[in-house]
1. Do we have any residue at all in the range 6-20 that's touching a Gly at 6+ places or on another chain (Cβ under 6 Å), at pLDDT 90 or above and not assigned by TED's automatic domain parsing to the domain that holds residue 117?
2. Could you please find all residues in the range 513-525 being surrounded by fewer than 22 Cβ atoms within 10 Å (Cβ to Cβ) and either under 16 Å from residue 296 (Cβ atoms) or in contact (Cβ under 8 Å) with a residue 24 or more places away in the chain (or both)?
3. Does residue 497 meet the test of being without any contact (Cβ under 8 Å) to a residue 40 or more places away in the chain, over 23 Å from residue 446 (Cβ atoms), aromatic (Phe, Trp, Tyr) and out of contact with any Ser or Thr (no Cβ under 9 Å at 6 or more places or on another chain)?
4. I need a count of the residues in the range 116-148 that are free of Cβ contacts under 8 Å to residues at least 60 places away in the same chain, part of a loop (DSSP other than H, G, I, E, B) and under 20 Å from residue 105 (Cβ atoms).
5. I'm told residue 102 meets every condition in (1) surrounded by fewer than 16 Cβ atoms within 10 Å (Cβ to Cβ); (2) part of a helix (DSSP H, G or I) except one. Can you identify the failing condition by its number?
6. Restricting attention to the range 47-67, does a residue exist that is part of a helix (DSSP H, G or I), at pLDDT below 90, within 29 Å of residue 157 (Cβ to Cβ) and not charged (D, E, K, R)?
7. Looking at 432, 436, 476, 481, which one is acidic (Asp, Glu), over 22 Å from residue 521 (Cα atoms) and under 42 Å from the mean Cα position of the chain (by Cα)?
Amino acid sequence: MRLLPYRTTDDRIEGAVMTFFDISARRLAEEQLRARETRMRLVAESTRDYAIVTTDAEGCVTSWNKGAELVFGYTEEEMLHHDLERLYTEEDRTRSMRQEEMRRAREDGRAEDERWHLRKDGSRVYCSGVTTPLGPAATYGYAKIARDQTDRELSNSEREEALTCEQQNRSHAENEMALKDEFLAIMSHELRHPLNMIHVNAELLARLPEVVQSNPANRAAQQVRTAVMSQAKIIDDLLDMSRVRTGKLALALGPVDIGAMVAVMVEAARADQATHGLAISVDIADEPVIVLADKVRVEQVLMNLLSNAIKFSPQDGRIDIGVDHDDNQARITVSDTGQGIAPDFVPHVFDMFGQAGSVTTRSKGGLGIGLALVREIVQLHGGRVEATSAGIGKGAQFSVWLPLYHDAGPASAGNDSRVDSGIAGARILVVDDAADVVEVFQTLLEMEGAQVVTATSAQDGLAALRQYDVDVVISDISMPDMNGYTFLEQARRLPHYAKLPAIALSGLAREVDIARARKAGFSSHLTKPISVDRLLATVNDLLRH
């Protein structure tokens, strides 16, 4: 209602004018606005998960909800009319971070932040928040909403710390593995050198007419060679297991005829004096059993199983080997009538260093690496291996399953049949810094009819190449002053020797060592102790090709 005086033309008040306006809609809007403001105030005051704070244009607190009290520890009375900067850490105050937030809020319409704040008791709380202006250009101040994220930040910090620690541990472990790998390589090299000397001298003795005609001497030479190869096998198994555990054992997969491989291995085993008296039978499927595998590694698996069967079988025992198809896999079984396995030990027979019996009571040698290596190699091929035994004294059976190769043709066996050709008349240069090794190799090769030129250093070897026409070079790798790699590189620069066939002899047998020898240009890499028969076969191949 509006009330105004009623004036006459003579400017006298002779009454009143009352005007009425309908303001129901405005009144309703005002009441709704007041209700919304009340609700928002109640929400802000009662919200405990979020700190909701308003400030004036200068940054002094004008409202402080319950959540802010819980997060920062101050009551509303303690914070009203105080600058919000008291919540910021000393380092953030130095950098004027509160003023920077207000500037970004004015210019961009909002300012998000995540940082540590100070509580009333001096402790720190990590908050994520947003600051917005109230009115154009923050005419009415600012509103800041923040949430306590301390637990999340601490969890992230702990996770990052754990990740950093894990990365450091992994790096340390990798360094340790590399050092162990290098140590094993050096150890094998140092052990192989004396073994090589023993082996080649035993080979030399076994070829002397006096020894050939004397059964005791011949048997002694054979036992020496067997013992040396047994020790070399232990070294090889240790290195191979190290490669498996460090993921460095690479497989060269291809089609392999398991039946043909087993037949060759059994013939070789029957010719060995250690199997005299043993009955070895073979049952191979009529159809070829072709697997997709690394021929060398599968041969290693089968040799381990066969040698174990021979080792643990009595002189009048029996060994049965079977090769057949089993669903979509090839199955190879090696059974014997020997020592057998105790029932409680069967689950552990493939464990590393696992051997039944104590050190003082077991009668057979070995470190218990062979079967552990068998399992690792078979698993790398996607196969499996099992052992069964009826008990002590009742023999044992080992079964291996490998994936079949379905696209194998008639020529997939992977076994070459070669006709040996002699090396008589070939001129061979032997380079080794150990004079005794050179002397023994010279005698052995000359017994086969070869002409041998020797050198006890790489420089002497280069001089010999300048003086003689050489067909094949046999060179040690580890030599003082100049190693075998550099020697061959310089030898290939000499006239007429750009494609000189060369055999590397080394006590280092890692994949990387073999690859390095190949990259340096060596035609073949033989690991000490050297089998003379294998050396002669390698020389034959190089001379033919």
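The values are calculated or read from the model by the stated rules, or taken from the named source; none is laboratory data. Only a predicted model underlies this, so the values are computations on that prediction, with no experimental measurement involved. Using ideal geometry, Cβ is built from the backbone for each residue, glycine included, and neighbour counts are taken over all protein chains shown.
1. Narrowing the range 6-20 to residues touching a Gly at 6+ places or on another chain (Cβ under 6 Å): 6.
Then keep just the ones that are at pLDDT 90 or above; that gives 6.
Keeping just the survivors that are not assigned by TED's automatic domain parsing to the domain that holds residue 117 gives 6.
Scanning the range 6-20 turns up at least one residue that is touching a Gly at 6+ places or on another chain (Cβ under 6 Å), at pLDDT 90 or above and not assigned by TED's automatic domain parsing to the domain that holds residue 117.
2. From the range 513-525, those surrounded by fewer than 22 Cβ atoms within 10 Å (Cβ to Cβ) are 513-516, 518-521, 523-525; that's our starting set.
Within the range 513-525, 513, 514, 515, 516, 518, 520, 521, 524, 525 qualify.
3. Spelling it out, it is not the case that residue 497 is without any contact (Cβ under 8 Å) to a residue 40 or more places away in the chain, over 23 Å from residue 446 (Cβ atoms), aromatic (Phe, Trp, Tyr) and out of contact with any Ser or Thr (no Cβ under 9 Å at 6 or more places or on another chain).
4. 1
5. With respect to (1) surrounded by fewer than 16 Cβ atoms within 10 Å (Cβ to Cβ); (2) part of a helix (DSSP H, G or I), residue 102 is out only on (1).
6. yes
7. 436
Listed here are the residues, each with its yes/no results for (1) exposed (fewer than 13 other Cβ atoms within 10 Å of the Cβ); (2) assigned to a helix (DSSP H, G or I); (3) modelled with pLDDT under 80; (4) charged (D, E, K, R).
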residue: 192; (1), (2), (3), (4): no, yes, yes, yes
residue: 206; (1), (2), (3), (4): no, yes, yes, no
residue: 237; (1), (2), (3), (4): no, yes, yes, yes
residue: 254; (1), (2), (3), (4): no, no, no, no
residue: 269; (1), (2), (3), (4): no, yes, no, no
